[in-house]
Protein chains: 2
Amino acid sequence: MEAFKMTDNVIGFRFGNPVETGVIQGEKTQVEVNLPIELREEGGRISFTLKLTENDRVYGLGPNLGGINKRGRIYESYCTDDPLHHEDKTTLYGAHNFFVLEDDDVATGFFIDFPGRVKYDVGFTTLEELQVEIHGQDFDIYLLEGASIKEIVASFHKLAGKPYMPPKWGLGYFQSRWGYQTEEDVKKVYETFKEEEIPLDGIYLDLDYMEDFKDFTLSEERFPNFKDMALKMKEEGVRLIPIIDAGVKIEEGYPVYEEGIKGDHFVKDKDGKPYVAAVWPGKVHFPDFLKEETQRWFGDQYKILTDAGIEGVWNDMNEPAIFYDETSLQEGVEAAILAQGGNLNVNAFFSLRDKFMNIGNKLEYYRRFFHEIGDRRLTNEEVHNLYGYMMTKSASLGLKKHLGKRHVLISRASSIGMHRYGGLWTGDNSSWWSHLSLNLRMLPSLNMSGFYYVGADTGGFGGHVSGELLTRWLQLSVFTPLLRNHSAIGTRVQEPYAFGDVLTRANKKHIERRYMLIPYLYSEMLKTYETGGMMFTPLAFEFFGEEAQQAEDQMLLGEELMLAPVVSQNAKGRYVYLPEDMVLVDFKKYDSSLTLLKDGVHYVSYSLEDLKFFLRRNRLMPYTMPSQTVKDQDLSILKVLGYVDTEAVYVLYDDDGESFGYEQGKIYKTTLYARKLETGGMKVEAKSNHPDLQTVNFTLMDGTGEIWNEEVKVQRG
Amino acid sequence: MEAFKMTDNVIGFRFGNPVETGVIQGEKTQVEVNLPIELREEGGRISFTLKLTENDRVYGLGPNLGGINKRGRIYESYCTDDPLHHEDKTTLYGAHNFFVLEDDDVATGFFIDFPGRVKYDVGFTTLEELQVEIHGQDFDIYLLEGASIKEIVASFHKLAGKPYMPPKWGLGYFQSRWGYQTEEDVKKVYETFKEEEIPLDGIYLDLDYMEDFKDFTLSEERFPNFKDMALKMKEEGVRLIPIIDAGVKIEEGYPVYEEGIKGDHFVKDKDGKPYVAAVWPGKVHFPDFLKEETQRWFGDQYKILTDAGIEGVWNDMNEPAIFYDETSLQEGVEAAILAQGGNLNVNAFFSLRDKFMNIGNKLEYYRRFFHEIGDRRLTNEEVHNLYGYMMTKSASLGLKKHLGKRHVLISRASSIGMHRYGGLWTGDNSSWWSHLSLNLRMLPSLNMSGFYYVGADTGGFGGHVSGELLTRWLQLSVFTPLLRNHSAIGTRVQEPYAFGDVLTRANKKHIERRYMLIPYLYSEMLKTYETGGMMFTPLAFEFFGEEAQQAEDQMLLGEELMLAPVVSQNAKGRYVYLPEDMVLVDFKKYDSSLTLLKDGVHYVSYSLEDLKFFLRRNRLMPYTMPSQTVKDQDLSILKVLGYVDTEAVYVLYDDDGESFGYEQGKIYKTTLYARKLETGGMKVEAKSNHPDLQTVNFTLMDGTGEIWNEEVKVQRG
């Protein structure tokens, strides 16, 4: 063991000879300290136990099931393609090893820098114990201290590096479906959004656009004018965002396959031959994204897309997902042959059935292929959680190089470190009410891991959505930086206009309201780039008491808002807990209504047409008028809603929306200010270096519930 | 079509030539009325559409997923063995075709008397439409009118007949697990309950006790002294309750099989040979429970169990569940052989995998065997939902005949009509928090269908339970007439003492409190026998307004209580909506505390050790002191909690607990009475014909929050 100090509040402890994951950045100063936790070794695995008092809470672990407070369940960090996210599951697509243990007095952060499997038993087996099991002996543990969870998170972000920042158009609304099978299908969607005047910034393309599921190909038959279409739509501000899968089809004459073989870019089996697995294209090889040459080579392939006008990509199946490999398929076949005509007993039958039922993503597949790292040859299992991360790094390098400006990039598999290269969507969820509330609960733990450009498949990917669920989901998703409605082939169509006139109208309003919120959301994104920390914060991080601690269906957004979406079927409202006085906003294009509510619990009516949220005391929230695309936003007039008891200030960040200038601080800042005067009046000011901004309209509620409408010209500076 | 009047508020409409299901009893008077609903025919199916206004609510449909209000989902009445009850599922084990459509002004009941599949699209596809599709053309529809849902339910119960009534010991606590593999395992459980002094009235035996999964056999090897054990434990008040499956193992020399063949008791395939399917024992035949001779024959088999001291049975796998049949297995085998060595494309692979993955309970199996009904030969699909019902009727006939007193009988598959012969458990649920709340939501729709002896597998059957979840579940289940903790082999052990000292203590308290509540619960059961109607009533049935209508996690019990269990992980309390002033009871063996709460929403702390509920205004709830078994209950002293603002009365029903005397009204009645005097005092009385009852202790809260402790001697009469 060696220990090293990273900052005053962070010490790292190294055990064995860990694989370099590239997550933690910054200088390490060797120190003489012992890890204040007892480690146990058994069968090559290291575990430790943290005591939990009755009131301790555990937060973090990224995109996972369970509550905001992770107590009471088992979690495993092991990127897995499993589309049925019910309560028995212990892992989803991401593997995020950062968590904070908090009681009322003290909080401690833990980051386990290890690319293999880690298991967390958070008071499940034993109510009073958090048991961590690391499937290996080579890893770093970082302990982070701080006065609050938010402070710990911010120091973690300093070590883990600045997050990926999408272009501003990435905050638009995106329509997606596995099943837009032809150019005509895509155009139809595009045209319908135009006809219905529903804002839209892009359409995601699933596997349908490829030739035989081959990465970096465009189907001649179904998408003969891909580039023309992409460019023409982009002129109107609507981008196409194609999918890229991890596996490369084995096919003579297919350039990516042939180059990959020639350049030795694929992972190997035990005999040193490229490992063969089956995914969508049939048999494939997997690029060894852990090698820098391969990252560069694969990254360069994205040029085929950028040349066709593409500025955004989603990386999929990069856990990597495996449908089967030949060995396991052969085992199934042999078991089936033996079963022929026989009177199977029940165990023999289940064993046969399970050979096929459980043939996907078997643990043994990940033991059958290897990565070479320095002079070590490691199974994929040992470094599994780096795969999606490194694929995304590869894509990021390629897209940056070939575009010369910012791009949209999201990935299904993820681990911490990847946040510097891309965002993520929370994977193949379902059209379930429980996944709507899960979406909300995941947001803060994703922020804790450094991911801000995040969102769930709005409406749910698998299963059939009801119109009500889609609309309720939009009422949440309009607040998430990534807003994408995506669904699977064979499920009910899920576009916002697919559920009858009443809901089309409601959905259109919600998407317009999203565009109204973009200045604020984009500002908050730019701020997290500057300072780290949380964009979505649980009430428990800011307020004391049982009610705040167990508010699992409410969320703070920035320093300004509290969200309390309806997440139950057939509800026309809900109970909302206010930890302090707040102003309820019924948000509308014109004439939003404001209502002052005292702290405590309230029943709030919330119809399908409403978009409601709460403004915190002495806070301002800027917004603008809706537009059909992000590029059409008019920022000459800004509007502001506020709850101003004494005085309030908000600094709005903006930039050109596409260059990397923000990395050097090229930010437009607009300072919005309001003060309730002793004399009874309301004083407002706006100062800005934003080139477009001219006027600001304030609508403010004061502590007595009185409304003040004030307009000011912007002062330069 | 012919129409017939059943009562002033109920008219039946007959279409075609329906199979006699035996559900509706009573005289039919032919009338000249048209069904006020337009029917459509397509492909041999009849459908109709009911308009839903925005505020309409739909209740009923028995043991189903979704809310108390069924809007927004699709349901299918088609008994199915599917243990993964996630939100995509449309049917579970029961098929209950009674529902009520309600808006604020008027309620209408519908009962579709049809034994095949019925599909309900309750505002899912179209927000404003309830679409019903009957998979056939021969059925009765009953329309029920009434001033309230409760009135409609009560008239339905009059037509559908009196419910099954368990013996009083059936209200005790039951421990169960698939995996008590030997006599020693069972004794160990029994002994541990004794040691820990946790009340217990019986242990359920799953398949483990049988010889090779053969019905009506006892394993010589694992249960060599079955009868001795059963009798000895029964003397102590602890009964064994073995499982019986629907399928009869095909095995020469096995008497049930041989008699079944000889007596022509098995369902036939298209060639008239007994149909072969595979379930737990391997290949089986299914008794044709739709034939009365077979009902009698199979019913008589239960004598083997009653002779061994058994007084309760659970009927399982009676949808009937089918693991596979030879035709489908062979198809899988052939597909596997074709796949050998080939480079499968993705569709061919999924097709092969699905042949095994979806091999269970295929629809085509139910088209491959037949029932002879009169001169008709119908596929099982056409009369599918009668199977579990008729198996339970068969068991009921046999148990009645061979015991001569009441028995416990529950079934997994169910349809309306079966409520006269047995209770049900809600099937193979999971250790999920969402299934705890589902348990609560199912209770009223089961009551609407006439089922009162109901409960879920407490703690969850599949998956691993956390100690917290089991305890939270007990806090609900102590109120359900059937209280059984049951879990699957391979899952975490789930006895109430398996989660450490703190939770053992809490669980023990909850089970003791259950025994304290038995006089009240049993009284409510006897009353439903007398009057029909609801035991568990949604707030929406009694109170107006949005908050009552969407209170999906609260429930009225009888006329006296409101339940509001904690159904969220890591919660230390919850919000409770009080539609009117109520008294919060923190229920304890000694010194329960009472708190008067005003109407509206309240945050109520609710720890794992607590058992809390609410007393309605001017209501009394009797209880007694805990005992180790029901037979040991001391009813000489009764205790009463009450909230008496002006005056309150409760009539406690009791009987000998085991005879059929209650059918002739042989009931002990105790009238408990309290009145707040104008002069400020509290007057209490108790009058009874109960042979044991001597004294009643009242603890009453009045409208000012003052507590009155009063003891009275019971007046005879």
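The values are calculated or read from the model by the stated rules, or taken from the named source; none is laboratory data. Since this is a predicted model, take the numbers as computed values, not measurements. Note that we place each Cβ from the backbone using ideal geometry, even for glycine, and neighbour counts take in every protein chain shown. Just the protein is used for accessible areas: all its heavy atoms, side chains included, with ligands, DNA and RNA removed. Shrake-Rupley method; radii C 1.70, N 1.55, O 1.52, S 1.80 Å.
If you scan the stretch A:647-673, which residues turn out to be closer than 18 Å to A:Ser636 by Cβ and open to solvent by 40 Å² or more (accessible area, probe 1.4 Å)? If you could, list the steps in order and put the result at the bottom.
Taking the stretch A:647-673 first, the residues closer than 18 Å to A:Ser636 by Cβ are A:652-657, A:668-672.
Within the stretch A:647-673, A:Asp656, A:Tyr668, A:Lys669, A:Thr671 qualify.
With respect to A:Glu38, determine if the residue is away from chain B (no Cβ under 14 Å), assigned to a loop (DSSP other than H, G, I, E, B) and among the charged types (D, E, K, R). Full working, then the answer.
Working: away from chain B (no Cβ under 14 Å): yes; assigned to a loop (DSSP other than H, G, I, E, B): yes; among the charged types (D, E, K, R): yes.
Criteria met by A:Glu38.
Which members of the stretch A:236-254 meet the condition of being out of contact with any helix residue (DSSP H, G or I) (no Cβ under 9 Å at 6 or more places or on another chain) and open to solvent by 40 Å² or more (accessible area, probe 1.4 Å)? Quick ask: steps written out before the conclusion?
Taking the stretch A:236-254 and keeping what is out of contact with any helix residue (DSSP H, G or I) (no Cβ under 9 Å at 6 or more places or on another chain), we get A:241, A:247, A:253-254.
Once the filter is applied, which keeps residues that are out of contact with any helix residue (DSSP H, G or I) (no Cβ under 9 Å at 6 or more places or on another chain) and open to solvent by 40 Å² or more (accessible area, probe 1.4 Å), the stretch A:236-254 yields only A:Gly253.
Is it the case, given these coordinates, that B:Gly67 is surrounded by 21 or more Cβ atoms within 10 Å (Cβ to Cβ) and touching a Gly at 6+ places or on another chain (Cβ under 6 Å)? Please lay out each step first, then the result.
Values: surrounded by 21 or more Cβ atoms within 10 Å (Cβ to Cβ): yes; touching a Gly at 6+ places or on another chain (Cβ under 6 Å): no.
Answer is no for this residue.
Out of all the residues in the stretch A:421-444, which are under 20 Å from A:Asp82 (Cβ atoms), part of a helix (DSSP H, G or I) and within 10 Å of the chain's Cα centre (by Cα)?
A:Asn439, A:Met442
Being acidic (Asp, Glu) and more than 19 Å from the chain's Cα centre (by Cα) narrows it down to one residue among B:Asp113, B:Asp81; which is it?
Working: B:Asp81 fails: more than 19 Å from the chain's Cα centre (by Cα).
From the options B:Asp113, B:Asp81, the qualifying one is B:Asp113.
Mind checking which residues of the stretch B:342-373 are closer than 30 Å to B:Val19 by Cα and either modelled with pLDDT under 95 or among the charged types (D, E, K, R) (or both)?
If the condition is that a residue be closer than 30 Å to B:Val19 by Cα and either modelled with pLDDT under 95 or among the charged types (D, E, K, R) (or both), then B:Lys362, B:Glu364, B:Arg367, B:Arg368, B:Glu372, B:Ile373 are the ones that fit.
Looking at the structure I just gave you, is A:Glu364 of a type outside the set (Ser, Thr, Tyr), within 11 Å of another protein chain (Cβ to nearest Cβ) and over 20 Å from A:Asp215 (Cβ atoms)?
Against the criterion (of a type outside the set (Ser, Thr, Tyr), within 11 Å of another protein chain (Cβ to nearest Cβ) and over 20 Å from A:Asp215 (Cβ atoms)), A:Glu364 does not qualify.
For the list (1) in a strand (DSSP E or B); (2) farther than 16 Å from A:Leu171 by Cβ, I need the number of the one condition that A:Glu678 fails.
Every listed condition holds for A:Glu678 apart from (1).
Among the polar types (S, T, N, Q) and modelled with pLDDT of 95 or more: is that true of A:Thr679 in this structure? Full working, then the answer.
Details: among the polar types (S, T, N, Q): yes; modelled with pLDDT of 95 or more: no.
Considered against the rule, which asks whether it is among the polar types (S, T, N, Q) and modelled with pLDDT of 95 or more, A:Thr679 comes out as no.
Which numbered condition in (1) in contact with a Pro (Cβ under 7 Å, 6 or more places away or on another chain); (2) within 21 Å of B:Val630 (Cβ to Cβ); (3) open to solvent by 10 Å² or more (accessible area, probe 1.4 Å) is the only one that B:Thr426 fails?
Condition not satisfied by B:Thr426: (2).
Please identify the pairs in which a residue from the stretch A:469-485 that is within 14 Å of chain B (Cβ to nearest Cβ) has its Cβ atom under 7 Å from the Cβ atom of a residue that is of a type in the set (Ser, Thr, Tyr) and buried (at least 24 other Cβ atoms within 10 Å of the Cβ), counting only partners at least 6 apart or on another chain.
A:Leu469/A:Ser431; A:Trp473/A:Thr458
For B:Val465, state whether it is of a type in the set (Val, Ile, Thr), within 13 Å of chain A (Cβ to nearest Cβ) and either under 30 Å from B:Leu503 (Cβ atoms) or in contact with a strand residue (DSSP E or B) (Cβ under 6 Å, 6 or more places away or on another chain) (or both).
Values: of a type in the set (Val, Ile, Thr): yes; within 13 Å of chain A (Cβ to nearest Cβ): yes; either under 30 Å from B:Leu503 (Cβ atoms) or in contact with a strand residue (DSSP E or B) (Cβ under 6 Å, 6 or more places away or on another chain) (or both): yes.
So B:Val465 passes the test.
Filter the stretch B:524-582 down to residues that are away from every other protein chain (no Cβ under 12 Å), outside any loop (DSSP other than H, G, I, E, B), in contact with a helix residue (DSSP H, G or I) (Cβ under 8 Å, 6 or more places away or on another chain) and aliphatic (A, V, I, L, M), then give me how many there are.
Within the stretch B:524-582, residues that are away from every other protein chain (no Cβ under 12 Å), outside any loop (DSSP other than H, G, I, E, B), in contact with a helix residue (DSSP H, G or I) (Cβ under 8 Å, 6 or more places away or on another chain) and aliphatic (A, V, I, L, M) number 8.
When you scan the stretch A:384-404, do you find a residue that is surrounded by fewer than 24 Cβ atoms within 10 Å (Cβ to Cβ) and not in a helix (DSSP H, G or I), even just one?
yes
Quick one: in the stretch B:674-695, of everything that is β-branched (Val, Ile, Thr) and over 22 Å from B:Lys631 (Cβ atoms), which residue is least open to solvent (accessible area, probe 1.4 Å)? So that I can check it myself, show each step before the final result.
Let us first name the residues in the stretch B:674-695 that are β-branched (Val, Ile, Thr), namely B:679, B:684, B:695.
Remaining after also requiring over 22 Å from B:Lys631 (Cβ atoms): B:679, B:684.
Details: B:Thr679: 125, B:Val684: 21 Å².
The selected residue is B:Val684.
Would a scan of the stretch A:266-276 turn up a residue that is outside any helix (DSSP H, G or I), within 14 Å of chain B (Cβ to nearest Cβ), open to solvent by less than 70 Å² (accessible area, probe 1.4 Å) and at negative phi?
Within the stretch A:266-276, one or more residues are outside any helix (DSSP H, G or I), within 14 Å of chain B (Cβ to nearest Cβ), open to solvent by less than 70 Å² (accessible area, probe 1.4 Å) and at negative phi.
Checking A:Ile112 against (1) farther than 18 Å from A:Glu133 by Cβ; (2) β-branched (Val, Ile, Thr); (3) outside any loop (DSSP other than H, G, I, E, B), which test does it fail?
So the condition that A:Ile112 fails would be (1).
Rundown of residues vs (1) in a strand (DSSP E or B); (2) farther than 29 Å from B:Leu597 by Cα; (3) among the aliphatic types (A, V, I, L, M), yes/no style:
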site: B:Met621; (1), (2), (3): yes, no, yes
site: B:Met625; (1), (2), (3): no, no, yes
site: B:Lys631; (1), (2), (3): no, yes, no
site: B:Lys639; (1), (2), (3): yes, no, no
site: B:Ala648; (1), (2), (3): yes, no, yes
site: B:Gly657; (1), (2), (3): no, yes, no
site: B:Glu663; (1), (2), (3): no, yes, no
site: B:Lys666; (1), (2), (3): no, yes, no
site: B:Lys669; (1), (2), (3): yes, yes, no
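Identify, from the list A:Asp103, A:Asp113, the residue that is out of contact with any helix residue (DSSP H, G or I) (no Cβ under 7 Å at 6 or more places or on another chain) and open to solvent by 20 Å² or more (accessible area, probe 1.4 Å). It would help to see each step written out before you state the result.
Values: A:Asp113 fails: open to solvent by 20 Å² or more (accessible area, probe 1.4 Å).
Of the residues listed, the single one that is out of contact with any helix residue (DSSP H, G or I) (no Cβ under 7 Å at 6 or more places or on another chain) and open to solvent by 20 Å² or more (accessible area, probe 1.4 Å) is A:Asp103.
From the list B:Arg367, B:Arg377, pick out the single residue that is open to solvent by 70 Å² or more (accessible area, probe 1.4 Å) and touching a Phe, Trp or Tyr at 6+ places or on another chain (Cβ under 7 Å).
On the way: B:Arg367 fails: touching a Phe, Trp or Tyr at 6+ places or on another chain (Cβ under 7 Å).
Among B:Arg367, B:Arg377, only B:Arg377 is open to solvent by 70 Å² or more (accessible area, probe 1.4 Å) and touching a Phe, Trp or Tyr at 6+ places or on another chain (Cβ under 7 Å).
Can you name the condition, by its number, that A:Asn345 falls short on among (1) away from every other protein chain (no Cβ under 12 Å); (2) over 27 Å from B:Asn345 (Cβ atoms); (3) of a type in the set (S, T, N, Q)?
Against the list (1) away from every other protein chain (no Cβ under 12 Å); (2) over 27 Å from B:Asn345 (Cβ atoms); (3) of a type in the set (S, T, N, Q), A:Asn345 comes up short only on (1).
Would you mention how many residues in the stretch A:280-337 are away from chain B (no Cβ under 14 Å) and not in a strand (DSSP E or B)?
Matching residues across the stretch A:280-337 total 28.
Name every residue in the stretch B:180-207 that is open to solvent by less than 20 Å² (accessible area, probe 1.4 Å) and touching a helix residue (DSSP H, G or I) at 6+ places or on another chain (Cβ under 8 Å), in order of residue number.
B:Tyr180, B:Glu183, B:Val186, B:Tyr190, B:Ile198, B:Pro199, B:Leu200, B:Asp201, B:Gly202, B:Ile203, B:Leu205
Residues in the stretch B:600-632 that are away from every other protein chain (no Cβ under 12 Å) and either within 15 Å of B:Pro519 (Cβ to Cβ) or among the charged types (D, E, K, R) (or both): how many? If you could, list the steps in order and put the result at the bottom.
Within the stretch B:600-632, the subset away from every other protein chain (no Cβ under 12 Å) is B:610-632.
After this cut, where a residue has to be either within 15 Å of B:Pro519 (Cβ to Cβ) or among the charged types (D, E, K, R) (or both) as well, the list is B:610, B:612, B:616-617, B:619-627, B:629-632.
Going through the stretch B:600-632 one residue at a time, the tally reaches 17.
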